[in-house]
1. How far is helix 188-199 tilted off the main Cα axis of the chain, in degrees rounded to 10, range 0 to 90?
2. Using alpha carbon centroids, what distance separates the stretch 147-199 and the stretch 94-124, in Å?
3. Give me the Debye-computed log₁₀ of I(q)/I(0) at q = 0.08, 0.13, 0.17, 0.21 Å⁻¹ for the stretch 41-199, equal point scatterers on Cα only, no solvent, two decimals.
4. On a 0 to 90° scale, report how tilted helix 9-18 is relative to the longest principal axis of the chain, with both axes built from alpha carbons and the result rounded to the nearest 10.
5. What is the order of 149, 186, fewest Cβ neighbours within 10 Å to most?
6. Tilt of helix 38-49 relative to the longest C-alpha principal axis of the chain, in degrees (0 to 90, nearest 10)?
7. Report the dimensions of the stretch 98-164 along its three principal axes from the alpha-carbon atoms, largest first, rounded to Å.
8. What per residue convex hull volume, in Å³, do the alpha-carbon atoms of the stretch 47-135 yield?
């Protein structure tokens with residue numbers, strides 16, 4: 001709404017400095033149900049009506065040379081332990097931690113087909129984590145690491161941090177130790193909680209969510 005009502009960058013900047021301010025983003029108690037963020041809810045609803053590959057982010061890497069498969073499998077678990085959103089399902093539109101995704105190690109004579117199957121199989125977001133990861137043996141010392149991550153938990157900007165953390169964990173596990181990284185200050189669950197605190201209940205007239213819905217209902221009336 002503010003973008004449409006501000007005729008210039010200066011007007012938009014003024015709105016940023018005078019408009020409502022969200023509460024600080026903070027790490028909070030992760031026990032108990034937390035509704036998913038509005039952006040996630042759109043994808044969650046779409047997954048129930050259109051469970052296909054359009055909302056899956058692909059990550060495909062060619063891996064050659066020596067590889068410690070056990071260390072990689074443990075590193076995948078380390079990664080999911082660090083980023084709880086990779087082991088989160090969404091029953092009834094709420095966050096719920098589920099079993100860790102497991103690295104599947106598969107030999108294949110048709111890598112193209114195996115990659116396609118990995119990247120196109122739908123996710124059941126009510127019960128499954130949003131990460132599917134497989135190591136495909138193509139030939140001796142030649143493998144493909146393929147990960148399918150649902151967009152409800154991941155986007156293109158997340159690829160770099162994910163691979164960096166996986167590399168850190170793998171190197172540590174090859175050396176026989178767990179990764180020593182700093183804990184993340186907040187999680188996406190914390191961000192979702194803040195969004196709900198800021199927007200409020202759309203059925204309450206004084207809430208930001210109610211004002212936004214009322215504005216758009218009026219603006220789009222008759223369209």
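1. 10
2. That distance is 18 Å.
3. -0.24, -0.64, -1.06, -1.47
4. Long axis of 9-18 versus the principal axis of the chain: about 80 degrees.
5. Working: 149 26, 186 13.
Arranged by neighbour count, lowest to highest, 149, 186 become 186, 149.
6. Approximately 60 degrees, to the nearest ten.
7. So the extents along the principal axes, rounded to whole Å, are 35, 26, 20.
8. Details: hull volume 9.1 nm³, N = 89.
Cα convex hull per residue, to the nearest whole number: 102 Å³.
Since every read-out is calculated from the coordinates, none of them should be taken as a lab result. Predicted model only: the values in this text are computed from it and were never measured. Reconstructed Cβ throughout: ideal geometry from the backbone, glycine too, with neighbour counts over all protein chains shown.
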